[in-house]
1. If B:His136 satisfies all but one of (1) part of a loop (DSSP other than H, G, I, E, B); (2) in contact (Cβ under 8 Å) with a residue 40 or more places away in the chain, what's the number of the condition it fails?
2. Taking the condition of being open to solvent by 50 Å² or more (accessible area, probe 1.4 Å) and at the interface with chain B (Cβ under 9 Å from one of its Cβ atoms), how many residues in segment A:49-74 meet it?
3. Test B:Ile343 against the criterion of being more than 27 Å from B:Gly193 (Cβ to Cβ), within 16 Å of the ligand (Cβ to nearest atom) and either buried (at least 24 other Cβ atoms within 10 Å of the Cβ) or not acidic (Asp, Glu) (or both), and give yes or no.
4. Tell me, please, whether a residue that is closer than 29 Å to B:Phe492 by Cβ and within 16 Å of the ligand (Cβ to nearest atom) can be found in segment B:43-63.
5. On the basis of being more than 23 Å from B:Leu160 (Cβ to Cβ) and open to solvent by less than 10 Å² (accessible area, probe 1.4 Å), does B:Ile329 make the cut?
6. So which residues in segment B:72-86 are more than 14 Å from chain A (Cβ to nearest Cβ) and either near the ligand (Cβ under 8 Å from one of its atoms) or under 25 Å from B:Tyr288 (Cα atoms) (or both), if there are any at all?
7. For segment B:269-305, which positions are within 11 Å of the ligand (Cβ to nearest atom), touching a helix residue (DSSP H, G or I) at 6+ places or on another chain (Cβ under 8 Å) and in a strand (DSSP E or B)?
8. How many residues are outside any loop (DSSP other than H, G, I, E, B) and either open to solvent by less than 10 Å² (accessible area, probe 1.4 Å) or without any contact (Cβ under 8 Å) to a residue 12 or more places away in the chain (or both) if we restrict to segment B:396-430?
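The values are calculated or read from the model by the stated rules, or taken from the named source; none is laboratory data. The structure presented is a predicted model; accordingly, all values stated were derived computationally and were not measured. Cβ placement follows ideal geometry from the backbone for every residue including glycine, while neighbour counts extend to all protein chains displayed. To get the accessible areas, we keep the full protein, side chains included, count just its heavy atoms, and leave off ligands, DNA and RNA. Shrake-Rupley method; radii C 1.70, N 1.55, O 1.52, S 1.80 Å.
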Amino acid sequence: MKLTIKLFATLREGRGKILEDEYPADTTPKDILASLKIEEKDVAILLVNGVDGELDKPLNDGDTLSIFPPVGGG
Amino acid sequence: MYGYRGKILRINLDDKSIKKEDLNMEWAKAYLGGRGLATKYFYEEVDPMVDALSKENKLIIATGPLSGTPTPTGGRYMVITKSPLTDTIASSNSGGRWGAELKFAGYDMIILEGKSDTPVYIDIQDDQVEIKNADHLWGQVVSKTTELLNKEVGEKSKILTIGPAGEKLSRIASVMNDVDRAAGRSGVGAVMGSKNVKAISVRGTTKPEVHDKEALKEVVSTMNKQIKDNGVTGEGLPTYGTAVLVNIINELGAFPTNNFQTGVFDKAEEISGETLAEKYLVKRTGCYGCPIACGRHCKVDDLEAGGPEYETIWGFGADCGVSDLGNIIKANYWCNEMGLDTISASTTIAAGMELYQRGLIKDDELDGTPLEFGNSDAIIEWTKKMGLREGLGDKLAEGSYRLGESYGAADVSMAVKKQELPAYDPRGIQGQGLAYATSNRGGCHVRAYLISPEVLGLPEKLDRFELDGKPQWVKTFQDLTASIDSLGLCLFTSFAMGAGDYAAMYNPVAGTDHTADSILETGDRIWNIERLFNMKAGLKKEDDTLPKRLLKEALPEGGSKDRLALLDQMLPEYYQLRGWDESGVPTESKLKELGV
Ligand code: SF4
């Protein structure tokens, strides 16, 4: 299935901004983090199509996963 | 005297008298300092029905007991007055160094009364205080005023000043200090302008005494470590400043775009914190005693200046449909030079763009710079004209509500209590909507920053669409924030600290025995006295609301698609938790319990 992975802030270093690729069915956000060598503790916000995602819930074809490190303050 | 300096400078501009008064320590016990204590003074001294731009209004500039002490972020001051924008109590907060310097000069607060018949500035050099002629400064922009004054009174003095916007009584004028720090909101700069006071320079050479130096040293080092170890204050804010929020809030579909017509800006990446860091950032800056240093210095073409912050990037950017970050940096610069609040100035331009879109503002009013969504020249041109009240800028200087009203379309104003909302669409972040609607100074995110739990997950992650429990969160955040403001610290410390930590810092400074509970209770007391003032100033339950668009028009796309702000389902519970009656009026028993 096709997924879009968007990375932000420091997570972009050495990985890029947007990755669009084919992934096996049932891929979870956890699998993606592992494939990108991002540690779970470095992830503060994880969104699937703009709403809070779950690490272990399989993604669907066409989903967008957005991953942020701890950042903030307005 | 510990923490406090115990002195107020009361300056009467009618008869040019300068008095040094003892600080009321009974009140300081109950209201801490800064925002709380100054509001207590204001409440006791000023008729809530006063016309905000008349000489009967007063302007209080207050530090907190922790300002100018070794506690992290102790550089802050607040401006308390009746707002000409909202007709509520105003309390605008600023960083930089000026606040600490006032403390070093030996004062906790300055109270300005009456009105000078000619432009003046006030020069403070420790116990020497003088009112001086400011004819030569009147009309000057902020950086020039600062430069001229530093030549006149000494390079070491810190300068607080208004720009042309404050002189011309713009209802969205700010008070500026240290060139590019702003007590931005609620038109406090217009009140200073209405008194014909251009600036206050201050130089101080003594530090406030501390009750227990050893204990303070220990707690400060613990707190600094806590700040360093926290992902937001230790890494996120220092690396990217506040602008890093652009992409986050946009991904949530809660990034107000084209005057809140949608919640997704398709060019967000071009104005993001990441792009700012890559293309324009020159250096990081910090306020007095701040280990976080979230400030930015940016360069575009031949212009190098402080900022911009997230809110400003959003306001001139997405809210005006503009993706040219270079021009946003320039518009921010002109806001600071004119002494305009960047949130209100940018969103008033956005409201003007919607009026143009609806055909209500016509081309012949626009001097060749159309107010079209996406026009990146318009944000610079109209900011300058707003500051000088030139052409349509005269109407823009009144803020979005009065601008819209003058075209029979006040509904273009995305404001609460006539103060423009900041950069988070409450349709996608429900608790923040309740915080906006109940804010004592109108549309504002820093009376209770629910973004912290609802988006960033601090101190714990809440579901941003859920309503359950949000009224309690809003109340707790409002109370805690009131105390942080009153102690004189920066709200950003609260990403890494809780109520107990603030008590732990205040106690060794002032010799008090506060606990987490008493810090929150003090915040509750401050919140209630502000509310009481607002009620006496004529505000009603109906004013605790949100713009109609947010209650009735669902977001059309993105991560918050089809959502509305569900305020009505939270407000009654909020009143109840506050101990207010159904009309939102504080009950006698609540006021008695708090000793208001
Ligand atoms: S966190 Fe930012 S705004 Fe707050 S005191 Fe530090 S530099 Fe100033």
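1. The number of the failed condition is (2).
2. The initial filter retains those residues of segment A:49-74 that are open to solvent by 50 Å² or more (accessible area, probe 1.4 Å), namely A:49, A:51-52, A:54-58, A:60-62.
Now restrict to residues that are at the interface with chain B (Cβ under 9 Å from one of its Cβ atoms): A:49, A:51-52.
Within segment A:49-74, residues that are open to solvent by 50 Å² or more (accessible area, probe 1.4 Å) and at the interface with chain B (Cβ under 9 Å from one of its Cβ atoms) number 3.
3. Working: more than 27 Å from B:Gly193 (Cβ to Cβ): no; within 16 Å of the ligand (Cβ to nearest atom): yes; either buried (at least 24 other Cβ atoms within 10 Å of the Cβ) or not acidic (Asp, Glu) (or both): yes.
Against the criterion (more than 27 Å from B:Gly193 (Cβ to Cβ), within 16 Å of the ligand (Cβ to nearest atom) and either buried (at least 24 other Cβ atoms within 10 Å of the Cβ) or not acidic (Asp, Glu) (or both)), B:Ile343 does not qualify.
4. So far as segment B:43-63 goes, yes, one or more of its residues are closer than 29 Å to B:Phe492 by Cβ and within 16 Å of the ligand (Cβ to nearest atom).
5. Yes: the conditions hold for B:Ile329.
6. Within segment B:72-86, B:Pro72, B:Gly74, B:Gly75, B:Arg76, B:Tyr77, B:Met78, B:Val79, B:Ile80, B:Thr81 qualify.
7. B:Arg284, B:Gly295, B:Arg296, listed by residue number.
8. Total meeting the criteria: 12.
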